[in-house]
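Take a look at the structure set out below.
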Amino acid sequence: MKRGDIITGEKFVRKPGVRNGAVAILLLLCLVPGIMADDYVGGDPPVTVQTGTVSGGLYVDATLDFFGSEVNKTFSDIPDASDIAWARLYVVVYCGTMQSNYDGRATVSFDGDGDGTFETPLGREELNVEYVYEYDGGTTPVVVNDHCNRVTSDYLMWYNVTSLISSRAPKARVATTKVHSSFDGRIKMLTLFVAYNDGDSDKVRYWVNQGHDVDSFFTDDAGNPYAGMTTFDLTGLSGRVESATLLVNHLASTDGTYAWNGDAIPADPPDGNYQGVYFGTNTWNVTSQVLTGDVNDLTYDRNASFYKIPLATLEVVMEGEPPVDIPVAGFTADTISGTAPLTVHFTDLSTNTPTSWAWDFDTDGTVDSSDRNPIHTYYNAGTCTVKLTASNSCGSDEEIKVDYITVTAAPACDLTPSLVNPDTGNVFAKEPNRVRINVKNNGLEFSPETEVRLTSTDGVDVREIVPAIAAGAIVPVYVIDPTIRTTEGGIVTYTAIVDPDDMVSETDEANNAKAGTAKTVKFNGYKGKRYWDDSDVTTKKTFDLRGGILHSSGDSAYMAGGIGRSGWSSYTVTWTSGDLPLPEGATLQEARLYVPYTWDDTSQIPDHLDITFNGITAAPQNHYQDRSNFGGYPNHDYGLLTYDVTGLFNPSGNSAVISKDDVNTNVAMYGLTLAVVYADPDATRKQIFLNEEFDLLGADATGYATTPGEATAYVPFSGMTIDPGDAVAAKLVTFVPSGNGPEGDLLFNGATIASRVWDNGITQVAVDTHDVVTSLLPSGNEAAIRSTSGSTPVMAASHAFLIIEYIDAAPVADFEAEPRSGEAPLTVRFTDTSTGYITHLAWDFDNDGTTDSTDESPDHEYALSGTYTVKLTVTGPGGSDDEVKTDYITVTAVPALSPLPGYTNLPQDPDGDGLFEDVNGDSIFSFGDIRTFFEYYDAWIPANEPGECFDYDNNSMIGFGDVRALFTEWGT
């Protein structure tokens with residue numbers, strides 16, 4: 001930024017009439033709090049930690065081609081390693097979470113002589129601190145020790161290796177280990193700075209600025225847009241610049257934007273840049289832009305949701321420099337009197353090129369700052385003497401100003417709203433909104449209790465109590481905006497007025513009001529869809545059959561998108577016959593493929609994603625999607641595609657190939673599910689409900705403005721009536737993509753039945769099965785998937801199955817037969833009269849233990865005479881039963897008959913009743929048979945024929961009664 005510029009939000013505006021110089025920079029930094037730090041997330045803007053003059057230069061190696069948990073790096077050749085003036089090694093380790101303490105360990109060692117042996121252990125760092133955003137009251141950066149700090153998800157470490165380097169190609173080794181299972185541990189940055197002499201008479205001045213600063217979308221959403229700054233003090237230089245090189249080492253997958261002394265400089269400079277997975281470097285030739293005798297500044301701003309900068313360097317060579325002499329100390333201050341707390345900006349005016357400064361702001365013998373142009377705040381009333389010692393390689397000099405600063409007590413309190421911002425920085429539709437107002441007491445005394453009034457451009461006017469506030473303290477006050485805005489898209493601006501009735505006496509009555517930034521009303525995508533449009537995870541298919549359902553993810557796994565050089569164009573998932581083993585004799589009823597996805601920020605799905613199943617292109621039957629709608633990833637779609645692949649399913653094995661048109665898009669795939677519904681007559685009866693949707697969920701009161709109750713997806717089951725009294729099992733199977741797990745609560749019919757349920761594996765789709773038979777209703781059954789606070793950025797409700805199983809009672813065996821008696825060979829027709837559900841019958845016609853038939857109503861011929869016991873065994877899913885009928889079938893032998901005298905044919909039994917009415921054997925029962933029987937009944941028949949065959953009157957003897965009975969039968 002050029003002298004005289006002022007930062008307003010993210011714009012640079014020329015302020016006329018302000019001269020170039022350090023005073024302008026100090027005023028700018030004082031007047032514009034937005035450039036000091038990201039006041040939502042926090043951070044540490046880079047400041048000069050090392051400056052000096054060498055004859056060689058400042059060497060930098062900041063490349064890292066591997067993003068893993070162990071790095072062995074050989075640095076590029078240092079031009080001259082014989083005389084190292086200063087060297088520092090920087091390491092950044094990614095812990096995997098923005099705020100939580102996922103603790104781990106980093107071991108750093110150094111090989112200064114380049115022989116491959118890491119002889120010097122630099123540190124064994126315990127990375128185990130929590131990070132709290134400044135918005136939530138945290139102090140940043142979080143200090144781990146004197147050479148390590150944490151900002152958001154990164155630990156920055158630095159080590160002095162000046163005395164360790166003897167080789168032009170030193171090496172460093174960094175390895176991390178998990179303590180907490182979720183600790184990530186990948187090494188994000190490994191940078192070596194070396195200031196070296198090469199024996200000539202050149203004078204290369206260098207500055208190394210170190211910090212750990214963040215620029216995030218959070219602070220923009222909170223109404224305080226941020227652009228960071230780091231400065232390089234060249235006030236001790238004069239003359240023409242021969243060369244000047246600026247370098248930035250940033251921590252982001254997307255580079256930022258930059259300006260040098262107010263003029264934009266390219267993020268991809270011709271002098272060189274390097275972009276790794278999550279860090280990079282930029283190098284600029286700023287020879288013509290450096291301002292000698294002044295403070296030069298580099299400003300930086302984000303280009304994506306997040307940007308970080310830990311390091312910046314400047315290297316300057318002057319033309320025809322004068323010889324170095326002992327410094328002559330001198331300084332001035334921008335103000336020398338005022339009320340406490342009094343902030344004073346000191347400016348070094350020393351001559352003869354000092355290289356170090358020691359400030360004692362109250363002459364108590366303690367060095368209070370070693371900065372060249374420090375800022376110091378006096379909190380206590382009184383007069384203070386200030387001392388500066390300026391030094392270089394030729395010696396040092398002191399300047400003492402007695403009673404230079406006069407501080408007087410402030411008269412009273414001073415209240416002002418410093419922040420007016422709704423939760424998450426957004427105004428949400430269909431709910432009240434909580435607005436945070438930070439009230440600061442700038443005075444030196446406690447402020448009394450008062451009120452703050454909140455108004456909005458759409459008619460809100462509410463008040464809340466402001467408690468007493470200590471001097472210098474900030475207290476957040478939360479005010480509920482009760483307005484329910486039914487649609488998104490409107491614009492709302494909140495204004496806060498502290499002490500609206502002017503009841504508190506303040507030193508400044510003109511700073512009590514502050515307007516926040518204009519907010520667009522949005523839907524909150526982290527809430528369940530029922531909250532917005534009643535899009536529950538609803539029933540799409542039902543089945544009532546004897547059979548079951550199988551499901552499997554096959555060999556699928558989470559497939560990341562194009563971030564970090566991991567792009568892909570096709571992805572194959574296979575299922576073996578063992579993954580979905582259909583029972584023998586089963587018939588396929590339905591095969592459904594579920595394909596969940598994430599990170600679609602360029603609307604690739606469904607038009608630019610193709611799926612083939614067993615070589616055949618499949619079209620999606622349904623497409624569901626959801627998005628957060630705000631925050632860091634507002635336009636990233638998550639969703640589910642479902643396919644009916646019934647006609648393509650192969651019991652021997654299946655495969656799906658997913659292809660996307662653009663390999664570099666961020667579209668990522670969760671694990672797939674292939675589900676098969678089958679019919680099997682040997683199985684129990686089941687009612688199967690298949691439900692589908694995709695509902696993004698996140699319970700986080702601070703980050704998402706959601707409660708677990710709001711971040712709930714509902715899964716109603718419809719389409720069939722259930723008989724709970726007969727059900728013996730009710731398996732509820734839920735599929736939850738995304739998350740870290742274990743997380744989420746499972747509810748059924750309003751009752752919580754399990755907590756911390758879903759734990760994602762390599763598929764990133766957690767699957768849970770619970771039996772809910774004791775909670776079943778005849779209709780209106782409903783499951784719910786509820787996000788739990790603090791476990792993960794996001795989880796989702798996808799497809800779900802409910803399988804009701806009924807057990808059959810054992811069948812009851814019974815049967816009938818016709819005829820049950822007769823002469824051999826006797827053919828008998830058996831009829832099954834069993835009750836219940838039967839899948840198998842086994843007939844044993846003579847009870848000898850051998851199954852003679854499995855037919856339902858078989859015929860059986862008895863060849864031999866005798867009495868037979870018959871057994872029937874029936875079997876079904878409910879069990880089996882036997883029916884045994886003893887002596888049920890009687891088979892008699894054929895009698896030994898002879899033709900009657902005068903006839904050649906044997907008598908016959910025309911009606912099969914065992915009596916031979918056709919006496920003369922002519923196959924006709926006629927009066928002639930009566931006459932023949934009458935002729936021979938009294939002598940020949942009793943002597944030559946079996947009597948039972950002619951005992952027509954059934955009195956066990958042959959007589960005239962049989963003639964009469966035969967005549968009677970003929971007559972009828």
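The values are calculated or read from the model by the stated rules, or taken from the named source; none is laboratory data. Given the structure is predicted, the values throughout are model-derived calculations rather than measurements. Every residue, glycine among them, receives a Cβ derived from its backbone with ideal geometry; neighbour counts consider all protein chains shown. Side chains are part of the model used for accessible areas, which takes the heavy atoms of the whole protein and leaves out ligands, DNA and RNA. Shrake-Rupley method; radii C 1.70, N 1.55, O 1.52, S 1.80 Å.
Numbers below:
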{"quantity": "Accessible-area composition of the range 39-318, carbon plus sulfur, in percent [1.4 Å probe]", "calculated": "44 percent"}
{"quantity": "Compactness of the range 285-342 as Cα Rg over 2.2 N^0.38 Å, two decimals", "calculated": "1.80"}
{"quantity": "Separation between Cα centres of the range 615-678 and the range 198-254, rounded to whole Å", "calculated": "46 Å"}
{"quantity": "Mean Kyte hydropathy of 0.0 or more with a Cα span along the axis of at least 15 Å, helices from DSSP in the chain", "calculated": "960-971"}
{"quantity": "Quarter of the Cα convex hull surface for the range 815-892, i.e. its orientation-mean projected area (nm²)", "calculated": "4.5 nm²"}
{"quantity": "Net charge of neighbours whose Cβ lies under 13 Å from the Cβ of ASP80, counting Lys and Arg as +1 and Asp and Glu as -1", "calculated": "-4"}
{"quantity": "Directionally averaged shadow of the range 39-318, computed from the convex hull of its alpha-carbon atoms, nm²", "calculated": "14.2 nm²"}
{"quantity": "Local electrostatic count, PHE428, Cβ distance below 15 Å [Lys/Arg +1, Asp/Glu -1]", "calculated": "0"}
{"quantity": "Nearby lysines by direct alpha-carbon distance to LYS871 (threshold 20 angstrom, same-chain neighbours under 8 apart not counted)", "calculated": "LYS885"}
{"quantity": "Principal axis dimensions, largest first and in whole angstrom, of the range 331-408 by Cα", "calculated": "40, 22, 16"}
{"quantity": "Selection from GLY725, ALA515, THR904, by position along the positive dipole direction of the chain (Cβ)", "calculated": "ALA515"}
{"quantity": "Theoretical gain in end-to-end length, SER201 to ASP848 [0.36 nm per residue, Cα-Cα removed]", "calculated": "221.2 nm"}
{"quantity": "Convex hull of the chain built on C-alpha atoms - directionally averaged projected area, nm²", "calculated": "60.8 nm²"}
{"quantity": "Solvent-accessible surface ranking, highest first, for TRP532, TRP599 at 1.4 angstrom", "calculated": "TRP599, TRP532"}
{"quantity": "For the range 426-496 and the range 759-784, distance of Cα centres in Å", "calculated": "42 Å"}
{"quantity": "Computed [θ] at 222 nm, deg cm²/dmol, the chain (DSSP H ≥ 4; -39,500 (n - 2.57); rounded to nearest 500)", "calculated": "-1000 deg cm²/dmol"}
{"quantity": "Probe 1.4 Å - accessible area at PHE523, Å² to nearest ten", "calculated": "60 Å²"}
{"quantity": "Accessible solvent surface per residue of the chain, calculated while the other protein chains remain in place, 1.4 angstrom probe, Å²", "calculated": "41 Å²"}
{"quantity": "Solvent exposure, largest accessible area first (probe 1.4 Å, DNA, RNA and ligands not counted), of HIS636, HIS860", "calculated": "HIS860, HIS636"}
{"quantity": "Greater than 30 Å apart at Cα, pairs in LYS430/LYS686; LYS308/LYS522; LYS178/LYS519", "calculated": "LYS430/LYS686; LYS178/LYS519"}
{"quantity": "Surface accessible to a 1.4 Å probe, ARG205 within the full protein complex, Å²", "calculated": "20 Å²"}
{"quantity": "Share of carbon and sulfur in the accessible heavy-atom surface of the range 898-971 [1.4 Å probe, %]", "calculated": "54 percent"}
{"quantity": "Cross-link reach list, aspartates and glutamates versus LYS73, counting only Cα pairs under 14 Å and skipping chain neighbours closer than eight places", "calculated": "ASP61, ASP65, ASP111, ASP113, ASP115"}
{"quantity": "Stokes-Einstein D (µm²/s) once Rh is taken as the Kirkwood radius of the range 889-963 over alpha-carbon pairs, at 37 °C in 0.692 mPa s", "calculated": "263 µm²/s"}
{"quantity": "The range 576-692: equivalent-ellipsoid semi-axes (sqrt of 5 x gyration tensor eigenvalues, Cα, Å)", "calculated": "32, 16, 10"}
{"quantity": "Surface share of carbon and sulfur [accessible, 1.4 angstrom probe, percent] for the range 517-601", "calculated": "46 percent"}
{"quantity": "Whole-number D in µm² s⁻¹ for the range 422-522, Kirkwood Cα-pair radius fed into Stokes-Einstein, 25 °C, 0.890 mPa s", "calculated": "172 µm²/s"}
{"quantity": "Student exercise, the chain dipole from Lys, Arg, Asp, Glu Cβ charges, in Debye to nearest 20", "calculated": "4800 debye"}
{"quantity": "Equivalent ellipsoid semi-axes, the range 628-744, via Cα gyration tensor eigenvalues times 5, rooted, Å", "calculated": "33, 25, 11"}
{"quantity": "Candidate residues ASP202, ASP397: accessible-area rank, largest first, probe 1.4 Å", "calculated": "ASP202, ASP397"}
{"quantity": "ASP271 - accessible surface, heavy atoms, 1.4 Å probe, Å² rounded to 10", "calculated": "80 Å²"}
